[in-house]
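In what follows, a structure is listed as structure tokens, so that the remarks can point back to it.
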There are 2 protein chains.
Amino acid sequence: MTQTGTGAAAQPNSFRTIKTEILRRIRDRVWQPGELIPGEEDLAREFGCARVTVNRALRELADIGIVERKRRVGTRIAEHPLREARLEIPVVRTEVEARGAQYRFSVLSRDEVEVPETLRARLELPPGAPVLHVRCLHFADNRPWQFEDRWINLAAVPDIAGQSFETVSPNEWLVRNAPFSEMENDLSAAGATTEEAEMLGVSRGDPVFVIERATWLLDQPITLVRMVHPSSYRMISRV
Amino acid sequence: MTQTGTGAAAQPNSFRTIKTEILRRIRDRVWQPGELIPGEEDLAREFGCARVTVNRALRELADIGIVERKRRVGTRIAEHPLREARLEIPVVRTEVEARGAQYRFSVLSRDEVEVPETLRARLELPPGAPVLHVRCLHFADNRPWQFEDRWINLAAVPDIAGQSFETVSPNEWLVRNAPFSEMENDLSAAGATTEEAEMLGVSRGDPVFVIERATWLLDQPITLVRMVHPSSYRMISRV
């Protein structure tokens, strides 16, 4: 903090300045894990700012798990800090473009079928339910980036049946048009299957990064997808 | 919704009921992506509940990206719904125990050294800075679960130098005692190195799931760790 709370500050401290000062006190062990820190009014007086500014700083620190706030008790330095990262669910095109590469995709196959028995339980669909099976290959600068094998519940997303996928991929179409409230997202490493190896231009058994995702809107399944990346892929998250 | 908003409901609708009803209308295309929905007061009247109840339902739907709220404009059905999953950063012990397995760990090596030149830039440390290098193996039901290769900035976390790691692993100790405000978390698939293969009981080049994580408190690096799992591992997140 450039100005300590002497009240003589030319400019009142911003919530960012307050946030940084609180983090400094934690880093420098002025405030220990588990310790109850002064109330908002006391901090506002010390920092020479409005109480609402202190409140915003504490709220943001609570959001990332650095402090814990309890009504009628006050604010404590968290004993078990940050335990969550946000993992973005991007449109594949955006992800490729964000890396400065040129994106294109190609639809390898597209079939409207009755849900195969082997997938029925996983998709929680009735026997014979109509699904769209699409296989796509996504490229970054003409190199295979992701092989996508996707099943879509046509009862939930009937409009997708009329899409040509010439300019917009099934992934992007779904992100734009099919809201979901539930998601299961499983990440793993595997050896490439024969098909995956061929698609990605690697050898069978080579390590690949696998994302399996299923989404629902309430109790209605939307889509189940397996997305396979070569081992050069990094899934990056920042807090 | 079991009761529609006729005003004749025996019990006022809860925010969960309202939330489900809004999701139903989105699922059934009563409300389209991008559409501005009625205001809180109108919805409260229709649902026969307090405005604060509608507000809470909408707030929770905004948190998961289903609706977008703008002051003085109102609430819209999101055109680009949910784009984020929360990825928990668990204590390894907790993660193993949550799968119903028995956890134990073993410290393979522990050295206080000057930061190696190859790591210095990545860790953003001055030349010769003291670091603790720890290598651990974590087990689930006596099978190798994770091989951990970790560097800790002793200037940031001096207390860790006195820890024996007999009962509490470095991972767990850090989660409990070293808060951080910044994190980089990279996930990838790779072929096991000779050392990783030996530790995990797999063959060299076999697919492994790799988590590389670096944390900071403000500008001060805390730890850099590479955690390697055999290919049976799944990183699971739910929304």
message = Can you say whether residue A:65 is on the phi > 0 side of the Ramachandran plot and free of Cβ contacts under 8 Å to residues at least 40 places away in the same chain, as far as the supplied structure shows?
response = yes
inquiry  = Condition (residue is under 20 Å from residue B:184 (Cα atoms), in contact (Cβ under 8 Å) with a residue 40 or more places away in the chain, in a loop (DSSP other than H, G, I, E, B) and over 26 Å from the mean Cα position of the chain (by Cα)) applied to the range B:104-121: is it met by at least one residue?
reply    = no
query = Considering the range B:206-218 alone, what residues qualify as being at the interface with another protein chain (Cβ under 8 Å from one of its Cβ atoms) and either surrounded by fewer than 20 Cβ atoms within 10 Å (Cβ to Cβ) or acidic (Asp, Glu) (or both)?
reply = B:206, B:218
task = Say whether the condition of being touching a Ser or Thr at 6+ places or on another chain (Cβ under 6 Å), within 30 Å of residue A:25 (Cα to Cα) and assigned to a helix (DSSP H, G or I) is met by at least one residue in the range A:53-67.
result = yes
remark   = For the range A:150-180, the count of residues that are more than 20 Å from the chain's Cα centre (by Cα), in contact (Cβ under 8 Å) with a residue 40 or more places away in the chain and farther than 24 Å from residue B:67 by Cβ equals 4
inquiry  = Condition (residue is outside any strand (DSSP E or B), more than 10 Å from chain B (Cβ to nearest Cβ) and among the aliphatic types (A, V, I, L, M)) applied to the range A:219-230: is it met by at least one residue?
reply    = no
query = Taking into account only those residues within the range A:74-89 that are of a type in the set (Val, Ile, Thr) and in contact with a helix residue (DSSP H, G or I) (Cβ under 7 Å, 6 or more places away or on another chain), which is modelled with the highest pLDDT?
reply = A:75
Options B:204, B:150, B:176; residue that is of a type in the set (Lys, Arg) and assigned to a helix (DSSP H, G or I) = B:176
task = Run residue A:161 past the list (1) out of contact with any Asp or Glu (no Cβ under 6 Å at 6 or more places or on another chain); (2) exposed (fewer than 13 other Cβ atoms within 10 Å of the Cβ); (3) outside any helix (DSSP H, G or I) and report the number of the one that doesn't hold.
result = (3)
query = Just to be sure, is residue A:97 outside any strand (DSSP E or B), more than 14 Å from chain B (Cβ to nearest Cβ) and of a type in the set (Asp, Glu)?
reply = yes
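Restricting the range A:49-73 to residues that are small (Gly, Ala, Ser) and at pLDDT below 90, which is nearest to residue B:179 (Cα to Cα)?
The extreme case among them is A:65.
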message = Condition first: in a loop (DSSP other than H, G, I, E, B) and either within 24 Å of residue A:212 (Cβ to Cβ) or in the same structural domain as residue B:103 (by TED's automatic domain parsing) (or both). Can you find one or more residues in the range B:207-216 that meet it?
response = no
request  = Would you point out which residue out of A:66, A:22, A:26 is in contact with a strand residue (DSSP E or B) (Cβ under 7 Å, 6 or more places away or on another chain) and either within 30 Å of residue A:222 (Cα to Cα) or within 13 Å of chain B (Cβ to nearest Cβ) (or both)?
outcome  = A:26
ask   = If you scan the range A:116-136, which residues turn out to be among the aliphatic types (A, V, I, L, M), surrounded by fewer than 17 Cβ atoms within 10 Å (Cβ to Cβ) and under 30 Å from residue A:202 (Cα atoms)?
value = A:119
query = Would the range A:123-141 turn up any residue that is β-branched (Val, Ile, Thr), away from every other protein chain (no Cβ under 14 Å) and either under 14 Å from residue A:222 (Cα atoms) or not in a loop (DSSP other than H, G, I, E, B) (or both)?
reply = yes
ask   = Can you name every residue in the range B:149-198 that is away from chain A (no Cβ under 14 Å) and of a type in the set (Lys, Arg)?
value = B:150
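Condition check: modelled with pLDDT of 90 or more, hydrophobic (A, V, I, L, M, F, W, C) and on the phi > 0 side of the Ramachandran plot. Does residue B:139 satisfy that?
The answer is no for residue B:139.
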remark   = Selection from the range B:10-48 of residues within 15 Å of residue A:179 (Cα to Cα) and not in a helix (DSSP H, G or I) yields B:28, B:29, B:30, B:31, B:32, B:33, B:34, B:35
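The values are calculated or read from the model by the stated rules, or taken from the named source; none is laboratory data. Fair warning: this is a prediction, and the values are worked out from it, not measured in the lab. So basically every Cβ, Gly included, is an ideal-geometry build from the backbone, and we count neighbours across all protein chains shown.
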